[in-house]
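One structure is given below, encoded as structure tokens.
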Amino acid sequence: MILDVEDREPTALARLRAVDEALRNQREDRHRADALLSLIANLVEDYRNR
């Protein structure tokens, strides 16, 4: 998946956005969910503008 994001595959970014939404709606284990949300935000920011 990371390589697909690096290659700017539109479906990879769409999958990241779907995971982002699912994590935001998750009520349990917020610490881990928040860490993953941070990672996803960084990936989207880094590769969206390349």
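The values are calculated or read from the model by the stated rules, or taken from the named source; none is laboratory data. Just so it is clear, the structure is predicted and the values come from calculations on it, not from any experiment. So basically every Cβ, Gly included, is an ideal-geometry build from the backbone, and we count neighbours across all protein chains shown. Note: areas computed on protein heavy atoms with side chains; ligands, DNA, RNA excluded. Shrake-Rupley method; radii C 1.70, N 1.55, O 1.52, S 1.80 Å.
Structure notes:
- When each of Leu16, Leu3 is tested for being assigned to a helix (DSSP H, G or I), of a type in the set (A, V, I, L, M), open to solvent by 60 Å² or more (accessible area, probe 1.4 Å) and modelled with pLDDT under 90, the lone residue that passes is Leu3.
- Scanning region 6-50 for residues that are touching a Lys or Arg at 6+ places or on another chain (Cβ under 9 Å) and of a type in the set (Val, Ile, Thr) gives Ile40, Val44.
- Residue within region 27-41 that is part of a helix (DSSP H, G or I), open to solvent by 70 Å² or more (accessible area, probe 1.4 Å) and polar (S, T, N, Q) present: no
- The residue pairs whose first member lies in region 1-21 and is farther than 11 Å from Leu43 by Cβ, whose second member is basic (Lys, Arg), and whose beta carbons are closer than 8 Å, counting only pairs six or more residues apart or on different chains, are Arg8/Arg50.
- So Asp46, is it in a helix (DSSP H, G or I), over 10 Å from the mean Cα position of the chain (by Cα) and exposed (fewer than 14 other Cβ atoms within 10 Å of the Cβ): yes
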